[in-house]
Amino acid sequence: MKYVDEFRDRDLARTLATAIAAAADPARDYNFMEFCGGHTHAIFRYGVQDLVPANVRFVHGPGCPVCILPARRLDDAIELAERHGVILCSYGDMLRVPGTGRRSLLKAKADGADIRMVYSTLDALDIARANPGREVVFLGIGFETTTPPSAAAIAQAQAEGIGNFSVFCNHVLTPPAIRHILEAPEIDPSQAARLDGFLGPSHVSAVIGSRPYEFLAARYAKPVVIAGFEPLDVMQSVLMLIHQVNEGRVAVENQYTRVVTRDGNAKAQELVARIFELRPSFEWRGLGSVPDSALAIRADYAAFDAEKRFTLSEKQSRETKSCECPAILRGVKKPKDCKLFGKACTPETPMGACMVSSEGACAAYWTYRRMETLAEMAAE
Ligand code: SF4
């Protein structure tokens, strides 16, 4: 398949592995955070960790949209469906994530709430058109990649006068999260020091461009390479990061030039800026409260803002006890450090979001490294 097969070529992978091995200085370690869950899965699916020397390590970051939504926001979504009786539309991964008391949207649906899985915001708009007597709420989650479709749905609803459609907005922003990881002492004082660079998001960067990461290079002296999601993309990006580290350079480089430009997608950015504004603060699972890290719907579009249309109660929301998702999302623990992995928690019986999502680290370990991980846990 064009643009896929050539980025999975075995011989090219061997050539890159040889180049990485030659470039990596055996006298030091290289710790690179892959921000995106998509990269985590590419690394595991194609065995990239096994193709690089042992002193080149991947630190999994918080870039899984389903994983970072805290229990409180999920509990709010369940309340919208149950107490307010709306038709709640959500992407499929979100349905199985446990909220407080391990209650999920799927369980709420089984209890009678009208919760529907959709593939796009357009599906949610169709449901609103087909049910003019019902309130329809789209559960908007995700990073800069999924924000433009939510903005487009709101613009379309306004243009058509669809008055029964609104968005429960949980869209978050990547650069402030990276900044928070590097700055927040409550995350792990040693973490910023042990990160040597970032594999930058690919799809997110297609929208926002590579320019927003330049502050990282300038202020925190951490190299960034925007990396595509195919295995050769990841390997080439690792090699570029190693070269930067070895040469003492700090720059934002773009490996994913076939998709990402420095300035990104101007039309998408304009649409998002028209509909959304910065939230002063947003709670992330694992990162806690992060300033300026999420979007809210502008007052001009309040009619399409579920948080304005419906009153949500105060809650004592709780993450699942013993689930290590928060520490895994901060990059300070791995799934093998969770005693529930592969025992109480499997994809069939997920105790936390990282085991549910197709971008979650626990799901990646389960799918591609289950036996090794369980063996490591047994040996400890
Ligand atoms: S294995 Fe399950 S319980 Fe443990 S951190 Fe991962 S999602 Fe949470």
> Is there a residue in the range 240-250 that is open to solvent by 20 Å² or more (accessible area, probe 1.4 Å), in contact with a Phe, Trp or Tyr (Cβ under 7 Å, 6 or more places away or on another chain) and touching a residue at least 60 places away in the same chain (Cβ under 8 Å)?
Replying inline: yes
> Has the range 333-354 got at least one residue that is assigned to a loop (DSSP other than H, G, I, E, B), more than 10 Å from the ligand (Cβ to nearest atom) and in contact (Cβ under 8 Å) with a residue 24 or more places away in the chain?
Replying inline: no
>> Is it the case, given these coordinates, that A159 is surrounded by fewer than 18 Cβ atoms within 10 Å (Cβ to Cβ) and within 26 Å of the chain's Cα centre (by Cα)?
In response: no
>> Go through the range 255-297 and report how many residues are of a type in the set (A, V, I, L, M) and part of a strand (DSSP E or B).
In response: 6
> Would you call R116 charged (D, E, K, R), modelled with pLDDT of 95 or more and open to solvent by 30 Å² or more (accessible area, probe 1.4 Å)?
Replying inline: yes
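The values are calculated or read from the model by the stated rules, or taken from the named source; none is laboratory data. Note that this is a predicted model, so its numbers are computed, not measured. Glycine gets a Cβ as well: all are built from the backbone with ideal geometry, and neighbour counts include every protein chain shown. The accessibility values were calculated without ligands, DNA or RNA, using every heavy atom of the protein model including side chains. Shrake-Rupley method; radii C 1.70, N 1.55, O 1.52, S 1.80 Å.
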